[in-house]
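A short write-up of the structure that comes next.
Every read-out reported here was derived from the displayed coordinates using simple, explicitly stated rules and does not represent laboratory data. Treat the numbers as computed from the prediction; the structure is a model and nothing was measured. We place every Cβ from the backbone using ideal geometry, glycine too, and count neighbours over all the protein chains shown.
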Amino acid sequence: MEKEFRALLLADSGVSALVGTRIDWGARPQGAPLPAIVLHTVSDVSGHTLDGPWALTTGRVQVDCYADSYGAAKALGRAVRAALDGTRSGNINAVFYQNSRDGREGGTNEADRPFRVSMDFLVNYQL
């Protein structure tokens, strides 16, 4: 799911125009340029039937959109939402937008604190 999810973002012209290939799972490389996207798996739940495990899994993916300004982070967030909400591809049966929140990274140097828009997406996929 992780590789296909990232590929959905890379394939979208609106997203790639803003971040290029700066889309990473888990963490943004130290000192990497902005804007950028960081992906996190928040949860992963497999279904079950009386016959055993079901092939369909539902995951929650947090997408963090980082930029040097609030407006740029919001624009990237809108592009990501447009690229993902309601889409499907390969083993990903459906992606659904759930919620978003705005924030700013911590730190003592105001100039080094990027703006962030975080969004959660439910991802239904097959193993």
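Tabulated results
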{"read-out": "Candidates 71, 47, 103: whichever shows maximal mean-square fluctuation once the chain is modelled as a Gaussian network with Cα springs under 10 Å", "value": "47"}
{"read-out": "For the stretch 112-117, Karplus couplings with θ = phi - 60° (6.51, -1.76, 1.60), whole Hz, Gly/Pro x", "value": "9, 9, x, 7, 9, 10"}
{"read-out": "Highest-first arrangement of 113-122, 49-58, where packing means the average Cβ count within 10 Å", "value": "113-122, 49-58"}
{"read-out": "Computed magnitude of the charge dipole of the stretch 5-83 (debye, nearest 20; Cβ of K, R +1, Cβ of D, E -1)", "value": "240"}
{"read-out": "Per-residue ³J(HN,Hα) for the stretch 87-99, Karplus 6.51 cos²θ - 1.76 cosθ + 1.60, θ = phi - 60°, Hz, x for Gly and Pro", "value": "8, 8, 6, x, 7, 8, 6, 6, 10, 10, 5, 10, 6"}
{"read-out": "Helix-derived mean residue ellipticity, 222 nm - over the chain, DSSP H n ≥ 4, -39500 (n - 2.57), to 500", "value": "-7500 deg cm²/dmol"}
{"read-out": "Relative contact order (%) - the chain, alpha-carbon pairs under 8 angstrom, separation at least six", "value": "26"}
{"read-out": "Cα-based shape type of the stretch 1-41, given that a ≥ b ≥ c are square roots of the gyration tensor eigenvalues and the cut on a/c is 1.5", "value": "oblate"}
{"read-out": "Karplus-derived HN-Hα couplings along the stretch 4-10 (A = 6.51, B = -1.76, C = 1.60, θ = phi - 60°), whole Hz, x at Gly and Pro", "value": "5, 4, 4, 4, 4, 5, 5"}
{"read-out": "Ranked packing of 23-32, 36-45, most packed first, by mean Cβ within 10 Å", "value": "36-45, 23-32"}
